[in-house]
Every structure is written in structure tokens, then in C-alpha cells.
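Here is the structure we will look at.
The values are calculated or read from the model by the stated rules, or taken from the named source; none is laboratory data. The model shown is predicted, which means the values in this text are computed figures rather than measured ones. Glycine also receives a Cβ, built like all others from the backbone with ideal geometry; neighbour counts cover every protein chain displayed.
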Amino acid sequence: MKLWQGTPDEFLDWLESEDWELVCYGAGAMAEDVLREPRFAEKVRFFVDGSSDKQERSFYGERYQVFAPDRLRTEDLSCTALLITSGWFREIERELSAWPELENVCCAAFPAMLTACTPGSEEFFRRRILEQCLLEYDSALRQRGDTDNNERKRLLAEKRDFLLGPDPAHRPLVLPRVMILPTTRCNLRCKGCSSLLPLFEHPTDIPVEQNTRDLELLFRSIDGCIRVTVGGEPFLSKTLPELLTYLQEQEKVFSVLLITNSTIQPSPEALAILQAPKFYVEVSDYGHIQQMSRTVAALEGAGVRFRVLTEQVWDDMGGVEPRGRDDTQRREVYRNCEQGWLMKSIFNGKMHVCARSARMYALDCGYESAHDYFELREEDGGEKIRAKIRALYDLDFTDACDRCDLGRLPNKKIPAGVQMAGNMKKSAYTLVRRDEYEALKRAAGKNQ
Ligand code: SF4
């Protein structure tokens, strides 16, 4: 097997110049990401996957068929390249290299191609900023719920033109997402908490003046931010209404997302602000049915846009200890980390390459870096801060990725919201909307 070295764009250019097709190995989340690119989607003939529950089924709607990997031994693969779309790409490469039928087949692994993208290049910008902004914008428009498909398409096309700018040198600086952490307090102690909140021995609230000062410096330096996420357990923050009011007034922010563990009732002041279309709340269902019912009733009663996230699994990010990864390994972890692509973070006077970096710095766990974060200083002015933000996006790799497994492939999943002490009884029930409940009853009736 001949292994492809290069970026996804280089691979697609070559494929199109030869007029070759593709067969993909791996019919999961990574494959869906790949298929979002029309240039890939139109080249794919079929998928193979080692998991028997995916085989002999269609994938991505009805568009593709999935077979067992042995199909590669019998299919005519002339003028066809193999694309591995799985976190297990190294193991798959190793296994397929021993198949004589594939001796002359060209094989590319999507995670390795992402690692090959050069910071500062047009492809890097497109994959790490442009596409992320458009995905965020699309999702925020859907959550607002006040646009139909045609209007959404028009707005997305308009946004794309704006983000591309007249040319690369005069491009606006728009960030897909920034997370702000108003508090390190939480009433739960979840195993594998991505915010590391159970590890804070002295959790604190960040003064709202600090948060708004940091955001002010950020907004002065950029042309827009599609979404701000208010992290931690936001409803524990006493100054949340002030922070939300500030965000509501910011024209450069399109949407604000709050994620709650569902056990804390939002205050009437917070609810009144959250009614605005700019805000959206995600309610995590960790099985605390009574508290969650009250939270959902409060949001519903106030007309807040929200959804309940049930049956969640988390990616296991592991502990904060160094893993001893070299620069190449850190690069691979960073380039394959969705959070690193999507979201920068602001915490207590600094802007960080990702939310994990912000939390580890706050935790004082020995993590330090010369390039993963910078101080938001008044005296730097907009242009200097803008250059530092661009540098954060163009990082080749980060030191934080030596203390985190989120972008390590294959990643490990863990159940969401399991308590460390194991002392919170998880309900067997969840909330279902009335119309969904009626639909479920009808479906159950048909199956009887
Ligand atoms: S530390 Fe690295 S792997 Fe972890 S979230 Fe940040 S970018 Fe991703």
C-alpha cells in the first residue's frame, strides 16, 4: 500500500486531476465531518467498517452503503484511493499494509492529513476558522428558530463572503467561539469533568468587572465572534445577570450559549435576560430528574430557547499530569482536537488557546507555556491584541496538549455526569416533550 503524505486539499487536487474515486474505511463521526465537504462527498463510492453493527447498512442518510473490510479484497480498486476516516487509523494502516490485494492502492488517513496542514496557509484558515465559523453560525441560526432554509442559506453565503474578505491580507478577524468562565464553583463533582471543577480546592467567582474588562479588550481587537459560551455551572454565578446584560449589548457577538448541569434554578433576573433570541441554554440530563424538571419548567415558563441533552457521553480528557509527548505528538493531538479548532477561552485576564489551557492555568497544576496564552493588557491596544489572537490560531502545537487526551486518537468515551463519590442516585427517567411523547406512544402502538 502506498501511504499518502500531504494535506486534505492536496489529496483532493490529486484525486480530481486523476479523476479517481474513493473508498472510505470508518463510518463514524469523523466520516461525517469528511462528508460535509462536497469535494470528498462526491468522490466516495462506499464505506467499509470493522464494526458489524454498521455493516450492510446505509450511511449518511441513504447515500452510501457500508460493508465489512473484506470487501476491499474483492472490489476492483483501480482508479480508486482508500481514505481512512477513523481514529484507529494507525492500526488500520498496519493491518491493510499486510493485504497483498492492496499492494498498489494509494491510502490516505484523514487525521494524518490534518496534521500536515501548515499554520498560516489558506487551507489552515479555511479549516480552522472559516468552516468552524460557518458551522457555529448555522447552528446558532437554527437555535434562534426565526429563519427558514432559504433564508439560512442566504445568510450563510453572505457570512462566507464577509469572512473571506476581499483578499487574505484584508480579512476580518472573526472567531468561531470563545468560552468565558465566570466561576470555578460547581455543586456537582463529576468524574472526567471537562472543566476540571472538582480539582479546584478553593473555587472562586471571577468578578464581573474582570470578565467584562477582558471581553471589552477582546471585542476591541476583533471584528466579530459567532458565539460566546458561558462555562462552568453558570447559574451558580451571582453576577450572571450583569454578564448576560453585557453580552446582550455586544453587537460583535451573534449568539450566547450557556450549558447547565440542570440542578441549579436560574434566577428570575437571569431568566428575564435569557428570553432574548441571542441566548440559548443546553440542559445536561445527568439523571437528577426532579431538579431538572424544575429548571426546564423555569426556562419554558420564561420562553427561553433551550434543549435537553440526554444520554450524553463525554470524551475522556484524562488528568492534568504531563504525558511526555514530543512536539510531533503534541502537534497531532492539537490538530485533531475539535475543541482546539472551535474554541478559545478567556479567564481572569488571559486569553488561552483552548478552555483546557485556561482551567489548567487557573488550577496551578504546574502547567506553564510561552505560547498557549497571553495577557489581555489595556496598554497593548487593539492591533497588538489582534496579532496575538491570530498567533494563537496559527500555533503549530500547544504545551497544553501534553496534559490532555481530547485530541488523542482513538479517543475514549466515558459516561457523562457520573459522580465521584457515587452518592447521587441517577433517575431511570428523563424528560420528553409532550408532542414527542405522543409520537412515541403512537409508534409503540403500531409495534404492538
Ligand atoms: S489541551 Fe489540546 S487536546 Fe486538550 S482541549 Fe486543548 S487543544 Fe484539545
Members of the stretch 337-363 that are in a loop (DSSP other than H, G, I, E, B) and either closer than 16 Å to Pro322 by Cα or more than 10 Å from the ligand (Cβ to nearest atom) (or both): Asn348, Gly349
Among residues of the stretch 118-175, those that are over 20 Å from Asn336 (Cβ atoms) and β-branched (Val, Ile, Thr), counted: 2
Residue under evaluation Ala276, criteria (1) closer than 20 Å to Val253 by Cβ; (2) modelled with pLDDT of 95 or more; (3) crowded, with 18+ Cβ neighbours inside 10 Å, criterion not met: (3)
Matching entry among Gly28, Gly61, Gly87 (being closer than 28 Å to Leu130 by Cβ and at pLDDT below 95): Gly61
Number of the condition not met by Cys401 [criteria: (1) modelled with pLDDT of 95 or more; (2) in a helix (DSSP H, G or I); (3) more than 11 Å from the ligand (Cβ to nearest atom)]: (3)
Considering residues of the stretch 296-318 that are within 16 Å of the ligand (Cβ to nearest atom) and touching a Leu at 6+ places or on another chain (Cβ under 9 Å) only, the residue farthest from Gln143 (Cα to Cα): Gly318
Odd one out for Ser293 among (1) part of a loop (DSSP other than H, G, I, E, B); (2) touching a residue at least 60 places away in the same chain (Cβ under 8 Å); (3) away from the ligand (no atom under 14 Å from the Cβ): (1)
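Quick grid of which residues meet (1) in contact with a Lys or Arg (Cβ under 6 Å, 6 or more places away or on another chain); (2) in a loop (DSSP other than H, G, I, E, B); (3) free of Cβ contacts under 8 Å to residues at least 40 places away in the same chain:
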position	(1), (2), (3)
Leu188	no, yes, no
Glu201	no, yes, yes
Glu216	no, no, yes
Phe219	yes, no, yes
Ile226	no, no, no
Leu243	no, no, no
Phe254	no, no, no
Among the candidates Leu271, Leu244, residue that is farther than 25 Å from Pro172 by Cα, touching a strand residue (DSSP E or B) at 6+ places or on another chain (Cβ under 8 Å) and modelled with pLDDT of 95 or more: Leu244
All helices (runs of 4 or more DSSP H) inside the stretch 32-118 with 3 or more residues being touching a residue at least 60 places away in the same chain (Cβ under 8 Å): 89-97, 110-115
Residue within the stretch 373-390 that is within 15 Å of the ligand (Cβ to nearest atom) and outside the structural domain of Thr85 (by TED's automatic domain parsing) present: yes
Residue under evaluation Leu431, criteria (1) within 24 Å of the chain's Cα centre (by Cα); (2) not in a strand (DSSP E or B), criterion not met: (1)
